[in-house]
Amino acid sequence: MSNARRGLPLASSRIEKIFPKLTPAQISRIAVHGHVRSVQTGEVLIEQGDTSVPLFVVTTGEVEIVRPLGAHETLITVHGPGEFTGEINMLSGRRSLVRARATKPGEVIELDHEQIRGLVQTDAELSDILMRAFILRRLELISAGVGDAVLVGSAFSAGTLRIKEFLMRNGQPYAYIDLERDPDVQNLLDSFQISASEIPVLICRGQLALRNPNNQEIADCLGFNESIDQTHVRDLVIIGAGPSGLAAAVYGASEGLDVIVLETSSPGGQAGSSSRIENYLGFPTGISGQDLAGRAYLQAQKFGAHMLVANATRLICDRKPYVIELENGTRISSNTVIIATGAQYRKLPLENLSRFEGAGVYHGATFVEAQLCGGEELVVVGGGNSAGQAAVFLAQTAKRVHMLVRSTGLAVTMSRYLIRRIENTPTIILRPQTEIVAVEGGKHLESVYWRNSQTGQTEKHEIRHIFVMTGADPNTRWLDGCLALDAKGFIKTGPDLLPENLTDSRWSLTRQPYLLETSLPGVFAVGDVRGGSIKRVASAVGEGSIAISFVHRVLQE
């Protein structure tokens with residue numbers, strides 16, 4: 001099919017992968033999983049906003065894919081014989097972003113959600129074709145900003161940055177309108193009766209305008225959670241979708257467990273905000289944390305894991321099955337639980353620092369943040385791998401990167417390949433034995449004071465961006481005494497549990513806790529939230545996969 005029939009500007013080298021044409025033999029194998037359906041000209045097969053979105057393989061006729069916007073439509077593509085509809089919403093069960101309509105009479109093969117999942121799990125060749133096309137199509141939609149959400153915001157708004165990151169890391173296409181740069185923005189605000197002081201504003205499906213919404217409100221508005229049944233008892237609930245939680249989801253679902261994953265914001269955890277991980281096995285050229293998390297997220301859904309964007313606020317641990325209570329009051333029951341809530345970077349001990357969170361002070365270095373500080377000087381605080389990855393990444397577009405560490409150097413805390421990269425990057429200036437002592441600014445950070453502990457000298461610099469990646473505090477306060485924790489608040493597991501820990505938790509079994517099991521039978525902890533864990537992505541993935549073998553043992557007990 002010629003590129004003229006594609007509505008999006010696509011690279012010609014990728015068209016055959018984005019819109020592959022199936023062979024007669026492949027179509028016959030798909031037909032076994034679905035059923036043949038006749039369609040007429042003008043018949044709408046999928047409406048924007050539909051939650052039960054089937055896959056259609058065109059055998060005769062044509063089906064066009066358009067993005068509705070009010071009374072107008074934007075053409076995305078036209079599928080002819082041998083081509084198929086769909087993108088990754090086919091697996092996630094989220095709302096359709098587009099409308100599919102027959103433009104010629106003909107026949108299609110229709111597969112529902114479960115039939116699609118059965119196909120990709122049993123036919124390796126078709127799984128590769130479909131999964132690759134779904135992923136690439138979603139990337140094209142993101143690149144073109146073709147979706148059902150419009151964000152109106154400002155570069156000086158912390159809320160705008162938070163919503164951008166949430167949408168980006170959840171793979172949600174959206175259009176962005178800048179309050180300071182777009183001359184027509186006032187007309188849009190007036191149409192929804194919104195004042196400029198109420199931004200950021202997220203407009204969902206052209207109908208509902210949310211004023212500075214939190215992550216849960218965004219997820220509800222865009223339908224992230226609508227397809228998930230929250231009433232029945234699961235085999236396994238995984239709390240946290242970082243590398244360890246996603247690994248557990250992939251292995252658990254692929255081995256037949258009924259798995260649901262709860263994530264407060266977006267997949268990837270701290271690793272998801274890493275610009276490039278270069279020492280992860282199997283990726284010699286490196287991979288961004290977001291890409292790694294996105295692939296694992298889709299992989300888990302392929303095997304049947306359900307994903308819920310929700311904040312777990314309480315573990316009800318005095319009965320079985322265990323119950324996880326969410327912020328909105330919903331309760332999810334499960335026979336086993338894996339806690340993978342990770343840890344968060346510590347904040348600098350400065351009085352007015354919170355004023356500039358998201359408006360000059362950041363805890364992740366993705367393309368979103370890099371766009372805010374291109375051509376400027378900036379500061380990276382921290383001496384670990386995350387800080388090193390951020391410094392190297394940001395140095396590609398920044399005028400200068402000042403790397404502040406409290407120790408005398410980086411050799412003890414950072415991988416050697418990153419140290420060499422920093423040493424060979426002239427725009428990165430390493431400042432050992434140096435820490436920030438004060439920050440100043442109005443609506444946005446404007447200046448930074450730092451002090452060298454060896455010389456005692458304090459300097460002021462007109463710098464508008466600080467990336468803080470120091471230390472880690474575990475996300476365990478919500479557990480409210482259910483599990484034994486170490487002195488720093490990390491969860492104790494396996495051989496680290498003392499007899500008195502098991503007594504306090506009323507351990508009722510004759511056996512001792514398994515390797516990653518907590519002081520509650522059938523509740524496991526993996527990744528950065530676990531006491532004594534190795535703070536590396538590969539270690540987290542390993543723990544998540546190992547925990548599943550113990551989950552099977554518990555379910556058989």
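When all protein chains stay in place, what accessible area (Å², nearest 10, 1.4 Å probe) is found for residue 195?
50 Å²
Hey, can you grab everything whose amide H is under 5 Å from the amide H of residue 103? Only 5+ residues off in sequence or another chain; H modelled, so Pro and N-termini drop out.
Under 5 Å from the amide H of residue 103 lie the amide H atoms of 42, 62, 63, 64, each far enough along the sequence or on another chain.
Obtain the radius of gyration and the Kirkwood radius of region 340-405 from its C-alpha atoms and give Rg over Rh.
Dividing the radius of gyration by the Kirkwood radius yields 0.96.
With the other protein chains left in place, how much accessible area per residue, in square angstrom, belongs to region 374-479 at a 1.4 angstrom probe?
47 Å²
Rounding to the nearest 20 debye, state how big the charge dipole of the chain is about its Cα centre with +1 on each Lys and Arg Cβ and -1 on each Asp and Glu Cβ. Each step should come with its number before you reach the end.
Details: 54 positive and 59 negative charges, 232 e Å.
In debye, rounded to 20, the chain gives about 1120.
Helix by helix through the chain, keep the DSSP H runs that span 18 Å or more along the axis on Cα and average at least 0.5 on Kyte-Doolittle, and give those back in order.
124-144, 537-556
Express in nm, to one decimal, how much length is gained between residue 447 and residue 51 on full extension, taking 0.36 nm for each residue of separation and deducting their alpha carbon distance. Walk me through the numbers before you get to the answer.
Details: separation 396, 0.36 × 396 = 142.56 nm, distance 4.82 nm.
Extra length available between residue 447 and residue 51 comes to 137.7 nm.
Work out the P(r) tail for region 233-374: percent of alpha carbon pairs separated by more than 25 Å, whole number.
Values: 3762 of 10011 pairs.
Considering region 233-374, 38 percent of its Cα-Cα pairs are separated by more than 25 Å.
Could you calculate the contour length gain from residue 419 to residue 406, that is, 0.36 nm times the residue separation minus the distance between their Cα atoms, to one decimal place in nm?
3.1 nm
Residues of region 110-206: accessible area per residue at 1.4 Å, in Å²?
For region 110-206, the solvent-accessible area averages 41 Å² per residue.
Which of these values of Rg and Dmax of the Cα atoms in Å was calculated from the structure shown: [x] 24.2, 96; [y] 23.6, 73; [z] 25.0, 80?
[z]
Any chance you could tell me what percent of the C-alpha pair distances in region 1-156 go past 27 Å?
Result for the distance tail: 18 percent.
Sort by residue number and report every cysteine in the chain with no other cysteine beta carbon within a distance under 4.7 Å.
373
Divide by every residue of the chain the summed helix terms, -39500 (n - 2.57) for each DSSP H run of at least 4, and state the resulting mean residue ellipticity at 222 nm, rounded to the nearest 500 deg cm²/dmol.
For the chain, the value works out to -8000 deg cm²/dmol.
Need one word for region 401-557: rounded, prolate or oblate. Basis is the Cα gyration tensor (sqrt eigenvalues a ≥ b ≥ c); a/c below 1.5 gives rounded, then a/b vs b/c decides.
Taking the square roots of the gyration eigenvalues as a ≥ b ≥ c, region 401-557 is prolate.
Where the accessible area of region 349-465 is counted over protein heavy atoms with a 1.4 Å probe, how much of it, in %, is carbon and sulfur?
Numbers: 2650 of 5580 Å².
After summing per-atom areas, the C and S share lands at 48 percent.
Which distance in nm do the two modelled labels at residue 143 and residue 319 give, with both placed 7 Å along the Cα-to-Cβ direction?
That separation, rounded to one decimal, is 5.3 nm.
Once the piece of chain linking residue 124 and residue 515 is laid out straight, how much longer is it, given 0.36 nm per residue of separation minus the C-alpha distance between them?
137.3 nm is the gain from fully extending residue 124 to residue 515.
If Lys and Arg each add +1 and Asp and Glu each add -1, what is the summed charge of the other residues whose beta carbon sits under 10 Å from the beta carbon of residue 356?
Result for the neighbourhood of residue 356: 0.
Tally up the carbon and sulfur contribution to the accessible surface of region 468-541 as a whole percent, 1.4 Å probe, everything protein left in place.
53 percent
Which FRET efficiency, nearest 0.05, do residue 155 and residue 44 yield, Cβ-Cβ r, R0 35 Å? Let's see the in-between values first.
Details: r = 39 Å, r/R0 = 1.12.
Rounded to the nearest 0.05, the efficiency is 0.35.
Which of the pairs 21/302; 443/488; 320/347; 320/488 have their Cα atoms more than 30 Å apart in this structure?
443/488; 320/347
Place a point 7 Å from the Cα of residue 255 along the Cα-to-Cβ direction; which residues of region 494-524 have their backbone N under 20 Å from it?
Backbone N within reach: 494-495, 511-524.
For region 8-83, give the magnitude of the charge dipole about the Cα centre (Cβ charges: +1 Lys/Arg, -1 Asp/Glu; no others), in debye to the nearest 20.
With only Lys, Arg, Asp and Glu charged at Cβ, the dipole is about 340 debye.
The values are calculated or read from the model by the stated rules, or taken from the named source; none is laboratory data. Bear in mind the structure is a predicted one, so any value in this text is a computation, not a measurement. FYI the Cβ positions are ideal-geometry reconstructions off the backbone, even for glycines, and counts take in every protein chain you see. With ligands, DNA and RNA removed, areas are computed over all heavy atoms of the protein, side chains included. Shrake-Rupley method; radii C 1.70, N 1.55, O 1.52, S 1.80 Å.
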